[in-house]
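Below is one structure, written out as structure tokens, with a few remarks after it.
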Amino acid sequence: AVPCPAMRFCANISLLFTEVPLLERFAAARSAGLPAVELWWPRSEDLDAVASAATDSGLEVVLLNFDAGDMPAGDRGLASDPARKAEFRANVPVALDLAGRMGAKRLNALIGFGDLDLARENVRYAADAAAEQGADVMIEAVNTFENGPYRLSTTRDAAEFIRSVGRDNVR
């Protein structure tokens, strides 16, 4: 038998505690008794203020998304979009810096709707940069019912994509 580690819960504060501004959601999650949070890329907030709110809360930030575009408007990632390759790559060092200041060791790269070969190339780029600070790049399957024609819609798709990237810090 394989021991099962204790399950921990964290709130995605981009989706929860929306009755307050993002910078106040760290404290709201802490007040709710949660030990950890994750969040989408903070598109309109000052990144220094986000880092301060995270560290001041005392919460563990377990995951930060790389910029995935305008998620509320339907974007689901930049990594596979040829028109946004430069935008994705420009975000990588900025996201890694923010993650480092918040203590996050995992960054989620949403693949999106486009070219999987380009997505592999961009995820390798992100993974190589993340490895320099001991961080992992996470890949997730996203359902197509709520998210449109997302390229990795099953666990099998995501696992195969991860294998095809060929980096030890892509999970």
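Averaging over all projection directions, the Cα-based convex hull of the chain occupies 10.7 nm² in the image plane. Around the amide H of residue 136, modelled in the peptide plane, lie the amide H atoms of 106, 107, all under 5 Å away and 5 or more residues distant in sequence or on another chain. Subtracting the Cα-Cα distance of residue 140 and residue 163 from 0.36 nm times their residue separation leaves 7.0 nm of extension gain.
On the basis of the beta-carbon distance and an R0 of 35 Å, residue 32 and residue 133 show a calculated FRET efficiency of 0.75.
Under the convention that each Lys and Arg Cβ holds +1 and each Asp and Glu Cβ holds -1, the size of the dipole of the chain around its Cα centre is about 460 debye. Label sites at residue 113 and residue 18, each approximated as a point 7 angstrom past Cα along Cα to Cβ, lie 2.0 nm apart.
Relative contact order of the chain: 17 percent, from C-alpha pairs under 8 Å at least 6 residues apart in sequence.
Take the chain and mark each of the GluC sites (Glu not before Pro) that is in a DSSP loop with at most 12 other Cβ atoms within 10 Å; the longest unmarked stretch, sites excluded, is 20-131. Mean-square fluctuations from a GNM of the chain, with a 10 angstrom spring cutoff on Cα atoms, peak among 75, 48, 97 at 48.
Counting only protein heavy atoms and a 1.4 Å probe, the chain has 52 square angstrom of accessible area per residue. Expressed as a whole percent, the accessible surface of the chain that belongs to carbon and sulfur atoms is 52, based on a 1.4 Å probe.
The values are calculated or read from the model by the stated rules, or taken from the named source; none is laboratory data. Values in this document were obtained by computation on a predicted structure and should not be read as measured data. In this analysis, Cβ positions are derived from the backbone assuming ideal geometry, glycine residues included, and neighbour counts consider all displayed protein chains. For the accessible areas, the whole protein counts, side chains as well, though only heavy atoms, and no ligand, DNA or RNA atoms are used. Shrake-Rupley method; radii C 1.70, N 1.55, O 1.52, S 1.80 Å.
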